[in-house]
Amino acid sequence: MFNSNLGDIDRIGRILLGAAMLITYAMTAPGPFRWLLLLGLLPMASGLLGTCPIYSRLNHSTSEAD
């Protein structure tokens, strides 16, 4: 379905970044900009799926398969 365009290091970094943002969201007090931490779902999802839509549009890949 999706072509993998993320290398292992890129995937791990995205998953860790997304997890850190979601943990921070869960641990912080409600505030006006707290919802921005939910954007951590985006790098986490791309890391888990192994594909980045922005990389696809730019014909860029960090995967060794290409």
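All of the numbers you see were taken from the coordinates with simple rules; none came from a lab. Since this is a predicted model, take the numbers as computed values, not measurements. Positions of Cβ are backbone-derived with ideal geometry, glycine not excepted, and every protein chain shown enters the neighbour counts.
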Over the chain, relative contact order from alpha-carbon pairs under 8 Å, at least 6 apart, %: 52 percent
Debye intensity ratio in log₁₀ form over the Cα atoms of the chain, taken at each q of 0.12, 0.13, 0.22, 0.23 Å⁻¹: -0.35, -0.40, -0.83, -0.87
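Can you give the longest run of the chain that contains no chymotrypsin sites (Phe, Trp or Tyr not before Pro) sitting in a DSSP loop with at most 13 other Cβ atoms inside 10 Å? Don't jump to the answer; show the numbers that get you there.
On the way: sites that count: 2, 33.
Maximal segment without exposed cleavage sites: 34-66.
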The chain: most fluctuating residue of 43, 32, 53 per GNM, C-alpha cutoff 10 Å: 32
Cβ-placed point charges (K, R +1; D, E -1), dipole of the chain about Cα centre in debye, nearest 20: 300 debye
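Quick check on the chain: helices-only [θ] at 222 nm, where DSSP H runs of length 4 and up contribute -39,500 (n - 2.57) each and the sum goes over total residues. Nearest 500, please. Walk me through the numbers before you get to the answer.
On the way: 3 runs with 34 residues, N = 66.
Computed mean residue ellipticity for the chain: -15500 deg cm²/dmol.
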